[in-house]
Structures are given as C-alpha cells and as structure tokens.
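Read the figures in this text as sums done on the coordinates, not as results from a lab. Keep in mind that what you see is a predicted model, and the values were worked out from it rather than measured. FYI the Cβ positions are ideal-geometry reconstructions off the backbone, even for glycines, and counts take in every protein chain you see.
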Amino acid sequence: MRRTLVAGNWKMNASRAQTETLLSGIRDAGDLPCDVAVFPPYPYLSQAVEAAGETVSVGAQNCADQTSGAYTGEVACDMLSDVGASMVIIGHSERRTLYGETDDVVLRKTRLAIDCGLTAVVCVGETLEQRKSGNAEAVVKTQLSLLLSELSDTDWQSVVIAYEPVWAIGTGETATPEQAQAVHAHIRALLAARNESLAASTRLLYGGSVKAANAAELFSQQDIDGGLVGGASLDVAEFLGICRA
Ligand code: PEP
C-alpha cells in the first residue's frame with residue numbers, strides 16, 4: 001500500500017522568518033491524510049528540521065556527487081543526514097537544464113544519498129518539444145534507465161520518482177490527469193518489467209503547477225501517489241489544501 005506523499009520544493013525562496021511561518025502553519029494543521037515533506041534551501045535545513053516536529057520530513061533540493069573534499073560550494077549527503085534531513089531531490093529539471101546534470105550524475109547522487117540513509121526523490125520529465133514530437137515516454141524511459149539497471153532492489157526502497165513535465169513546471173499549465181496518469185503508468189510498467197513488487201511499492205509523484213484546485217483529480221489517478229509542489233508550497237493555505245486533496 002503506497003501512502004500519498006505531498007512534497008514542497010521551496011526552490012531558492014524563503015527566509016528564516018518564512019521557514020518558521022510555513023512550518024508552524026503545517027504543524028498547526030494537525031493530522032493530515034498524507035505524508036508531508038518540505039525542501040527548503042540549505043541554510044534553513046537545520047531550522048526546518050527543528051520546526052518540523054515528528055510528522056513532517058525535511059529534505060534538501062540537491063546534493064554533491066562526491067563524498068567530501070575540495071568541491072567548493074558543494075554539500076555532501078552525509079552532511080544532510082547529519083543535520084537531520086531525511087530526503088533529497090535529485091535531477092530536478094532546473095538542475096538538469098541550468099547546471100548540466102546528466103543521468104550519470106543523477107545516478108551517482110542517488111547512490112550517495114541512499115548510502116547516507118536518505119530517500120532520493122528523483123525527477124524526470126520531458127520538454128514541450130519532446131512531448132509535441134511524441135517522445136514523452138521515451139525521454140522518461142531514458143532518464144530512468146541507469147537507475148533501473150544499476151540500483152539494487154534494496155536501493156529502490158529509498159527512491160521516490162517525481163514525474164515533472166518541464167512545460168508544466170512554474171508555468172501554471174498543469175498536465176491533464178489523463179496525460180499525467182499515462183506517463184505514471186508507463187513508469188510503473190518500467191519498474192514492473194524489472195520487478196513487480198518494486199512497481200507496487202515505489203511512490204510516483206506528479207509535479208508541475210499542482211494547486212489545491214487540481215490536486216484531488218491528479219492524486220485520484222491510479223498511478224499517481226502524490227505531488228512535488230513548487231510555487232504553491234510557499235503558501236501555507238494552498239499547500240495544506242493540496243495535502244487534504
Ligand atoms: C517544482 O519545482 O518541482 C514544481 C513542480 O514547481 P511548480 O509546482 O511551481 O510548477
């Protein structure tokens with residue numbers, strides 16, 4: 001049984017004050033019908049871990065693909081665990097596009113994250129051009145292929161996949177529930193080809209302009225197990241609306 005996960009990616013937003021406001025707002029909402037995670041910028045991770053309490057998980061938005069050493073500006077996975085983070089987003093489309101992260105880097109980071117006891121939220125998704133040319137499923141398959149061939153079944157227990165069509169991220173244009181479900185079903189079939197129980201247990205999140213108003217329909221699709229939420233995660237009422245969807 002897969003429990004719904006709603007994960008808030010704050011991107012390069014927030015402050016100490018906003019971290020407190022967002023987390024106290026989530027905490028004060030009491031019991032929510034899903035798992036909840038927030039991904040603040042690095043400087044606010046410790047504060048977020050303290051403010052989150054037992055029920056909200058805290059993760060980072062990125063990690064280094066090395067363990068330690070002369071990598072100025074990078075943050076290692078064991079540092080994330082050390083400050084109490086339990087998750088990390090890997091391969092977000094902004095990292096792939098703006099910082100040149102390849103599938104190879106994504107695999108290395110995912111391995112390091114798992115080795116440090118973190119849950120890796122690995123992002124995949126096609127551009128508008130790739131969708132228009134009918135290649136959405138092929139793109140996602142390529143992005144997942146190294147993970148499928150290289151990670152063990154045990155490793156996969158620490159992986160969540162977020163399907164985020166690039167054309168829907170931060171644009172206000174959400175994939176229709178049918179479009180999102182079709183790609184999620186494809187991802188689950190890829191997992192099933194490797195191992196049926198992996199397919200049954202791995203959580204697949206949809207990301208791309210999720211709001212309180214569209215979350216229920218998206219989350220009710222058979223293979224959608226929650227959402228990775230960007231913009232709407234910076235507004236407590238909207239984020240809680242998504243969590244209750
Ligand atoms: C994201 O950043 O992962 C995302 C899905 O953003 P938004 O919800 O703003 O589209």
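Provide a single number: the residues in region 116-137 that are part of a loop (DSSP other than H, G, I, E, B) and surrounded by fewer than 22 Cβ atoms within 10 Å (Cβ to Cβ). Of the residues in that region, 6 qualify.
Check whether at least one residue in region 163-183 is of a type in the set (D, E, K, R) and within 19 Å of residue 97 (Cβ to Cβ), and report yes or no. Scanning region 163-183 turns up at least one residue that is of a type in the set (D, E, K, R) and within 19 Å of residue 97 (Cβ to Cβ).
A Cβ distance below 7 Å, combined with a sequence gap of six or more or placement on separate chains, defines the contacts here; from region 138-152, residues that are surrounded by fewer than 19 Cβ atoms within 10 Å (Cβ to Cβ) reach residues that are assigned to a helix (DSSP H, G or I) in the pairs 141/190; 146/103; 146/104; 146/107; 148/190; 148/194; 150/107.
In region 163-174, of all residues being in contact (Cβ under 8 Å) with a residue 40 or more places away in the chain and not aromatic (Phe, Trp, Tyr), the one that is nearest to residue 226 (Cα to Cα) corresponds to 164. Applying the criterion of at least 3 residues that are away from the ligand (no atom under 16 Å from the Cβ) to the helices (runs of 4 or more DSSP H) found wholly in region 1-115 leaves 16-28, 45-52, 77-82, 103-115.
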